[in-house]
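The values are calculated or read from the model by the stated rules, or taken from the named source; none is laboratory data. What you are looking at is a predicted structure, and each value in this text was computed from that prediction instead of being measured. Every residue, glycine as well, gets a Cβ built from its backbone with ideal geometry; the counts of neighbours run over all protein chains shown. The accessibility values were calculated without ligands, DNA or RNA, using every heavy atom of the protein model including side chains. Shrake-Rupley method; radii C 1.70, N 1.55, O 1.52, S 1.80 Å.
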Amino acid sequence: MRLMKEMTAFKLAFVTLLLGVGTASGQSSSGDYEAIVGFTPLTDVRDQLRIDLDQQKIEELLELETDEGFAAAQKLYIEGSFSKTVSNLTVSAGLPIDLPQKTTLVGVGTVASNDTTAVSKQDSGSVEVFAYQNYTTGDTEIRVQYINEGCYVGANPDPVIAGCLADNGTLAFANDTSTTFEYTYNALEDTGNVYSIQLFTNSDEYNFEDDVLTVDFKKFVDFYGSESYADDIIIAAFEGGKTSFSTGKDLDMSNYDLVARAEIISKASAYMAVWMYVVRELEHAIYLCETGDCDENSCFGKPAVHEVDEAVAFYAGSLEGTDGSGDGVLTYNLADNRASDFKTAGENGDSIEGTAKVNIDLLEEFKKASDHIVNAECASVRDDTTRIVQLMTIPLIQGTLRYAYFTGEQNDTTQKSEAEGAIFAASVLPFVAACNEADAEIIYENTKTGQANSANFTAVKDAFERNYECMGVTPADVGGLWDTETNDYFPLAAPPGTSDGGTSEGGTSNGGTSGGALGFSTHMALGVSLVVSLSSFIRAF
């Protein structure tokens, strides 16, 4: 834990430098960064965006349906490849002068030899890196992080070294090209990554001080009885085993084929590990805001602003593009897919085409969180985060209902569908349990691994609906499973209040409260007043 806290402190120092001096590529912290699904970040989060390339590669390897593919995917899950690439260089003669953290260096790119296989090649070109930490005159070992794209080694079974430094060469200080030094390293052996998806499952990332876990992460820890719940599930699926949670809410993959295990791995990785890290970044922004990281009336230029930008990056990823028209692999893409299934797409949330209503709403909430953190309105960021979490649960509920219907009402006997239902349920059950443990148990028993088509869809649907208000969502938010052939809801699958929608009214369960939804309504009412924030002004240009 001490090591992780030291890493967190280092990250804050690093981000402070990034925000204070801008990036080596000439971008500043004044809002001129490329949009993320319509959200304009105020800081540089290109490295964070590329975590979805790790997820994409993991899924590609799992789709091979081979033991070798699974082994490679597991290595990539643990070590990473595409996000925050770093290389360890040897400077035999020692640094000629001090090398402060974040100092930009310019070198020459790799030229792969003709006998190098399975490696992307390009002609030699300029490569920009920066010092990963502070180094002093005479140091012979340094670490640099890449500014440009195209150096993806780490655990990538198909390493890309086109954007890496040449194995031997000269680095010059960008602000004084007459100051240079020679270095050596091996691009394939000495290059790795700071980020990996497994890192996002580490409980130390959710403990900012005094061993107090973040609110939503603790709900999962309490439900499973493990601080490494997501990693436990993913590793058990890789190994074809079973979790051993102290609460008994286990997932047993010991009888699953590779296809079913792949579903558990890919969805737990994207919708448990990365999903929770989105929330973690928002929580960290609040923590920094509340503990004096910001000025009295502004967090602008402070790490807290970067944390909100990171949350959006981890929610959407790089593959979605600037406007969300791409095809990603993280929660933004899941929301769009489930909106099509549940007729909750479009501005009004009543279409099977277009952007998910939840993504439209989340974009506004992320913008509000950014505005509020810039203005050091810590309590408002807490309200924003509460609403963001509520909205982010919607595609998880929809996923659980979809596969409960397949395995229950449609007699889908495949392990694949059972596994998908089990992992979607696993990703949202702690929120249900926080409202009503009995209803969470109903959902778990009907969607767990090994349920073998015994799912009672109506029981699952009713259990969810009894807790919608407590979870801060509505029947209209979730919608109903839509049959495009009949142009109507599937039997028993309509939302309450519509044809064949069941008897549940989606009210507060006996074990829950409606505080989350009430807090959001209050926040929205207060937000009607006109507030001109610095970040809003910046986004106007």
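Please go through the range 379-409 and give me each residue that is touching a residue at least 12 places away in the same chain (Cβ under 8 Å) and among the small types (Gly, Ala, Ser), ordered by number.
Quick first cut of the range 379-409, residues touching a residue at least 12 places away in the same chain (Cβ under 8 Å) only: 380-409.
Passing the criteria: Ser380, Gly399, Ala404, Gly408.
Could you grab me the full set of residues in the range 401-416 that are buried (at least 21 other Cβ atoms within 10 Å of the Cβ) and hydroxyl-bearing (Ser, Thr, Tyr)?
Scanning the range 401-416 gives Tyr403, Tyr405, Thr407.
Tally up the residues in the range 188-212 that are farther than 18 Å from Phe314 by Cβ and either in contact with a Ser or Thr (Cβ under 7 Å, 6 or more places away or on another chain) or assigned to a loop (DSSP other than H, G, I, E, B) (or both), please.
Of the range 188-212, the ones farther than 18 Å from Phe314 by Cβ are 188-192, 207, 209-212.
Pick out the ones that are also either in contact with a Ser or Thr (Cβ under 7 Å, 6 or more places away or on another chain) or assigned to a loop (DSSP other than H, G, I, E, B) (or both) and you get 188-191, 209-212.
Count: 8.
Here is a list: Phe217, Phe181. Which entry is touching a Pro at 6+ places or on another chain (Cβ under 7 Å), touching a residue at least 40 places away in the same chain (Cβ under 8 Å) and either hydrophobic (A, V, I, L, M, F, W, C) or part of a loop (DSSP other than H, G, I, E, B) (or both)?
Criteria check complete, one pass: Phe181.
Among the numbered criteria (1) under 30 Å from Gly69 (Cα atoms); (2) at pLDDT below 90; (3) within 34 Å of the chain's Cα centre (by Cα), which one does Ser113 miss?
(3)
How many residues are out of contact with any helix residue (DSSP H, G or I) (no Cβ under 8 Å at 6 or more places or on another chain) and either open to solvent by less than 40 Å² (accessible area, probe 1.4 Å) or among the aliphatic types (A, V, I, L, M) (or both) if we restrict to the range 146-161?
8
Every residue, every condition in (1) in contact with a helix residue (DSSP H, G or I) (Cβ under 7 Å, 6 or more places away or on another chain); (2) among the polar types (S, T, N, Q); (3) open to solvent by less than 20 Å² (accessible area, probe 1.4 Å), yes or no:
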| site | (1), (2), (3) |
| --- | --- |
| Asn255 | no, yes, no |
| Val259 | yes, no, no |
| Ile264 | yes, no, yes |
| Trp275 | yes, no, yes |
| Val279 | yes, no, yes |
| Gly301 | yes, no, no |
| His306 | yes, no, yes |
| Ser318 | yes, yes, no |
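Take the residues of the range 116-135 that are of a type in the set (A, V, I, L, M) and at pLDDT below 80: which is most open to solvent (accessible area, probe 1.4 Å)? Steps first, please.
Filtering the range 116-135 for residues of a type in the set (A, V, I, L, M) gives 118-119, 127, 129, 131.
Going one step further and asking which of them are at pLDDT below 80, we end up with 118-119.
Working: Ala118: 69, Val119: 15 Å².
So the residue we want is Ala118.
Which number in (1) without any contact (Cβ under 8 Å) to a residue 12 or more places away in the chain; (2) closer than 18 Å to Thr385 by Cα; (3) of a type outside the set (Gly, Ala, Ser) marks the one condition that Asp327 misses?
Unmet condition: (2).
From Thr322, Thr344, grab the single residue that is surrounded by fewer than 24 Cβ atoms within 10 Å (Cβ to Cβ) and either without any contact (Cβ under 8 Å) to a residue 24 or more places away in the chain or not basic (Lys, Arg) (or both). Walk me through it before giving the result.
Working: Thr344 fails: surrounded by fewer than 24 Cβ atoms within 10 Å (Cβ to Cβ).
Selected residue: Thr322, the only one of Thr322, Thr344 that is surrounded by fewer than 24 Cβ atoms within 10 Å (Cβ to Cβ) and either without any contact (Cβ under 8 Å) to a residue 24 or more places away in the chain or not basic (Lys, Arg) (or both).
Table: residues versus (1) at pLDDT below 95; (2) over 30 Å from Asp231 (Cβ atoms).
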| position | (1), (2) |
| --- | --- |
| Glu281 | no, no |
| Asp293 | yes, no |
| Asn297 | yes, yes |
| Ala304 | no, no |
| Thr355 | no, yes |
| Val358 | no, no |
